[in-house]
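Derivation of every value follows stated rules applied to the coordinates shown; laboratory data play no part. Keep in mind the model is a prediction, meaning the values are calculated, not measured. For neighbour counting, all protein chains shown are included, and Cβ atoms are generated from backbone atoms with ideal geometry for every residue, glycine included.
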Amino acid sequence: MARRKRVFVSFDYDNDKSMKDFVRGQAKNRKSPFSITDWSMKEATAERNWKSKARGRIKRSDLVMVVSGPKTKRAPGVREEVKMARKEGVKVVQLIGYKKKKCPHVTNAGRRYRWTHGNLRKILK
């Protein structure tokens, strides 16, 4: 059996936490082809070294998955995590988080996929 992919989920903390929780839920399924490195923080937190912690976790991931919602493209933490992933050479993709809402493309965050079981398998094979 192949090793499950380590996925760092980047998301708009203020608006799309539930979407990240749905990805985590799918990862808990025994048949899921991936695991989650679950860590993201607001820039406004008291923790000064969040960037170095995020970079370390991104470095250890196989993929950064940006869960894209209506305001994600403006989320400073997401933009910073995408930059980190690019600098570290970690693949970045976007998963469209909502069917009935416009979810603009996040700059430099890779190809966009609709959130389907088939697409998750394709992204994570």
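On full extension, the segment bounded by Lys102 and Arg4 gains 32.2 nm, given 0.36 nm per residue less the C-alpha separation.
With only Lys, Arg, Asp and Glu charged, each at its Cβ (+1 for the first two, -1 for the last two), find how big the charge dipole of the stretch 5-124 is about the Cα centre; round to the nearest 20 debye.
On the way: 33 positive and 11 negative charges, 83 e Å.
Result for the stretch 5-124 is approximately 400 debye, rounded to the nearest 20.
Residues whose amide H lies under 5 Å from that of Ser10, counting only those 5 or more places away or on a different chain, are Met65, Val66, Val67; hydrogens are built 1.01 Å from N in the peptide plane.
Choose one of Asn119, Val92, Val66: the residue whose Cα lies farthest towards the positive end of the charge dipole of the chain (beta-carbon charges +1 Lys, Arg; -1 Asp, Glu; about the Cα centre). The Cα lying farthest towards the positive end belongs to Asn119. Computed on the chain, with alpha-carbon pairs under 8 angstrom and 6+ residues apart, the relative contact order is 27 percent.
Before rounding to the nearest 500, sum -39500 (n - 2.57) across all DSSP H runs of length at least 4 in the chain and divide by the residue total; then give [θ] at 222 nm in deg cm²/dmol.
Calculated mean residue ellipticity at 222 nm is -10500 deg cm²/dmol.
Distances between placed amide hydrogens fall under 5 Å for Ile36 paired with Val7, all partners being 5 or more residues away or on another chain.
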